[in-house]
Every structure is written in C-alpha cells, then in structure tokens.
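Notes follow once the structure below has been shown.
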Amino acid sequence: MFLNLLKKEFTLALHPTSVVFVFFAAFVFIPNYPYEMMCFFSCLSVYFMCLSGRENKDIFFTCTLPVRKGQAALARIVTAIILQTALLILAAALIVLKSFLFPEMTNQAGLDANFALLGWGFILFAVFNVCYFPLYFKEPNKVGKPFLISSVVLFLLIAAAVTASHAIPFVRDYIDRPGFVHLGYQMTVLATGLVVYAAGSVLAARLSVRRFEKVDL
C-alpha cells in the first residue's frame, strides 16, 4: 500500500519544478557561484508540491483512501528524500566530470565543487526536513510559514559555509579545495553529512507522522 502511495505522489502530486530542479546540480559548473543554492531550489520544489497539493485538496483526497494518515505524511517525505538524493547523486557525477575537465577551477563564492560540498548538501537537506515537514504537517493548510522559517535557517547555514571557506583556515586549506585534493577530509565531511541526513530524515518523519495523525481535516 505504501508503494502505491509513493506512486501516487510521483504521478499526481509531483510539481514540474521537482524534476527540473534536480538538474540544477549542473550549478557546479558555474564560475564563482554558491553551489549550495542547488539545495535551496530542491527545497523550493517541495514547497511548490505542498502548495499545489493544498490548492488541489491533495491531502484531503489522500486521507479518503484506505490508508493511515501517517502513511500519507511519510509518502510525501520519502518523495522529497528521493528528489534530494537524486540531486546530490547527479551533482557527484558532475563534480567528478568537472575535476577532469577543469581540475584547477576554484570557487570564490563558497565551497568548491568536491565531495565535501555533497556532505554539506546532505546536512542542509537534513536541517530543512526537520524544520519544514513537522511544521507543515502540524497545519497542512499553512504552507508558507514553515517554508519561510526553513528558508531563513537554510540561508544562514549557506552564509556560514561561504564565510567559513574564507575565514576559517582549516576549511579554506583542507575542505574548500577543488577536485580530489585532500580527499580524506572531503570523504569525512561526506560521511558525516550522510549520517546527519539519515538521522534528520528519520526525526522529521517521526515528528511529522505524529503531528499529522492529530490533525482534524
């Protein structure tokens, strides 16, 4: 039944930008650009999906099906996780390609295109999921406020990464390096990001399911 709900999310609820923004992983080829913005656009597509769902009464329709309310919330979160993971997997492939095509190309506007950037991207998604989904599923008709709060937190973290790439010597010299320079440090950041993302997504799912089950539609 859950797989059917997931299929319904991708066939009926998915906003067109959800697919388009996955290809924003190509941002890593833009010179001197904060590459973390690709994560923001992925989060924006989740907002568009929830907004169009509210206008189309998608939540109400889903809850009229023979499923538990908690499963409806979980299906939406898993859909977002699939989109977020797809973005970073595509970004990983493009980062490898860029390291061969432009091995010396650095980024003056934030973290360079490397595996540490992917780890930081997973952390950004984890924070967004924990901030947005529990607030959204507490009051599904109020889509804007949860996204505003989550976006403010997200931009503060992006600004922190940009600042750290210039102001913190360790980040500047060992993390913010193009290609595969200091790969061990990059992989440590990536592994940390994966752990944080897994824990954050589980927490977001549990809080969201618990809150949505209490909502009177």
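Observations
- Scan of region 49-58 for residues that are more than 16 Å from T11 (Cβ to Cβ) and surrounded by 18 or more Cβ atoms within 10 Å (Cβ to Cβ), ordered by number: C50
- Out of L148, L118, L135, sole residue that is assigned to a helix (DSSP H, G or I), free of Cβ contacts under 8 Å to residues at least 12 places away in the same chain and either open to solvent by less than 60 Å² (accessible area, probe 1.4 Å) or not hydroxyl-bearing (S, T, Y) (or both): L148
- If the condition is being touching a residue at least 40 places away in the same chain (Cβ under 8 Å), aliphatic (A, V, I, L, M) and more than 24 Å from L194 (Cβ to Cβ), then region 29-64 contributes L51, I59.
- Those residues of region 8-23 which are crowded, with 21+ Cβ neighbours inside 10 Å and modelled with pLDDT of 95 or more, in sequence order: F21, V22
- The condition of being of a type outside the set (F, W, Y), open to solvent by less than 50 Å² (accessible area, probe 1.4 Å) and not in a helix (DSSP H, G or I) holds for only one of A113, A126, that being A113.
- Whichever residue in region 69-86 is in contact (Cβ under 8 Å) with a residue 40 or more places away in the chain and open to solvent by 10 Å² or more (accessible area, probe 1.4 Å) and, among such residues, is farthest from F27 (Cα to Cα): K69
- For F23, the conditions (1) within 21 Å of the chain's Cα centre (by Cα); (2) within 22 Å of K145 (Cβ to Cβ) all hold with the exception of (2).
- Scanning region 87-105 for residues that are within 17 Å of S45 (Cα to Cα) and either free of Cβ contacts under 8 Å to residues at least 40 places away in the same chain or not in a helix (DSSP H, G or I) (or both) turns up nothing.
- Taken over region 31-46, the criterion of being open to solvent by 40 Å² or more (accessible area, probe 1.4 Å) and at pLDDT 95 or above is satisfied by F41 alone.
The values are calculated or read from the model by the stated rules, or taken from the named source; none is laboratory data. Being a predicted model, the structure only gives us computed values, none of them experimental. In this analysis, Cβ positions are derived from the backbone assuming ideal geometry, glycine residues included, and neighbour counts consider all displayed protein chains. Keep in mind that these areas ignore ligands, DNA and RNA; they rest on the heavy atoms of the full protein, side chains included. Shrake-Rupley method; radii C 1.70, N 1.55, O 1.52, S 1.80 Å.
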